[in-house]
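The structure under discussion appears below in the form of C-alpha cells.
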Amino acid sequence: MKTNRVHKLTIAALLVAVGILIPMVSPVKLVLEPASFTLASHVAIFIAMFISPMIALTVALGTALGFLLGGFPIIIALRALTHVVFAGVGSYVLLKKPSILQSTAKTQLFSFLIGLLHASCEVAVVSVFYFGGEMTTAYYTQGFLQSVFLLVGAGTIVHSMIDFTLAHVVWKSLMSRSTFSATVAKLK
C-alpha cells in the first residue's frame, strides 16, 4: 500500500515538473495577439487524466502553482488553474468509461468535449479581465468576439485537441510496455 502511494506521488511530481517545464522551454509557440499557444503545454495534464482523478487534479493544481510562482501574469496562472475543471471531469469520465480511449471516434469526440470545457473555463477567466479593464490594448482593439471568443475560445479548443492527441499517442506507447501498464493498473 505504501509503495502505491509513493508511485502516485512520484508520477504526479514528474508530471507537474513536465507540465511546468514545457511552456517555459518549448520552441513551438504560436502567438496570435492577444492570445498565445504553446504546443504540448497540456500533455502532462492529459496523461495524468488518463491515470486517475487524484493525479489529474494534483498535476493541474501543481502546474497552476508553477505558473504563479514562475512569475507569469496572474491571468495566465488563473487560466492554468481552470485546468482543474477539465482534468477532474475528464479523469472521472475515463475512470467510469475507460473504453472511450479504445475507439478513435469516441476518443476524438471526448477530446472535443474536453476541449470545449477547457475553452469555456478559460474564456470565463479572460472575460472577467476583459470587462474589468485589465487587458492589454491588443484585446480591446480587436473586440471581445475576436480576441476572447475566437482567439481564446476556439483557439483553446484546437490547442486542447492537439495536445490531447499528443498525450494519447504518448499514453498508448507507454501502455504498450508491460511494466508501465502494470504500474498504472495498481494506481487506479
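The values are calculated or read from the model by the stated rules, or taken from the named source; none is laboratory data. Everything numeric in this text was worked out from a predicted model, so none of it was measured. All Cβ positions, glycine included, derive from the backbone under ideal geometry; neighbour counts span all protein chains shown. Side chains included, ligands, DNA and RNA excluded: accessible areas come from the protein's heavy atoms. Shrake-Rupley method; radii C 1.70, N 1.55, O 1.52, S 1.80 Å.
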Filtering the range 38-67 down to residues that are assigned to a helix (DSSP H, G or I), of a type in the set (V, I, T) and either without any contact (Cβ under 8 Å) to a residue 12 or more places away in the chain or within 16 Å of I162 (Cα to Cα) (or both) yields V43, I45, I47
Note on the range 60-100: residues modelled with pLDDT of 95 or more, open to solvent by 30 Å² or more (accessible area, probe 1.4 Å) and under 13 Å from the mean Cα position of the chain (by Cα) are L61, L81, V84, V85, V89
Among residues of the range 101-117 being under 23 Å from G155 (Cα atoms) and either in contact (Cβ under 8 Å) with a residue 60 or more places away in the chain or among the aliphatic types (A, V, I, L, M) (or both), the residue surrounded by the fewest Cβ atoms within 10 Å (Cβ to Cβ) is A105
Would you call I11 open to solvent by less than 50 Å² (accessible area, probe 1.4 Å), under 17 Å from V170 (Cα atoms), touching a strand residue (DSSP E or B) at 6+ places or on another chain (Cβ under 8 Å) and at pLDDT below 95?
no
Of (1) loosely packed, with under 15 Cβ neighbours inside 10 Å; (2) closer than 19 Å to A77 by Cβ, T141 fails just (2)
Of (1) in a helix (DSSP H, G or I); (2) farther than 23 Å from S41 by Cα; (3) in contact (Cβ under 8 Å) with a residue 40 or more places away in the chain, G143 satisfies every one except (3)
- prompt: Does M24 count as modelled with pLDDT under 90, over 9 Å from the mean Cα position of the chain (by Cα) and part of a helix (DSSP H, G or I)?
  reply: yes
Taking the range 152-169 and keeping residues farther than 23 Å from S36 by Cβ and either touching a Ser or Thr at 6+ places or on another chain (Cβ under 8 Å) or open to solvent by less than 80 Å² (accessible area, probe 1.4 Å) (or both) leaves H168
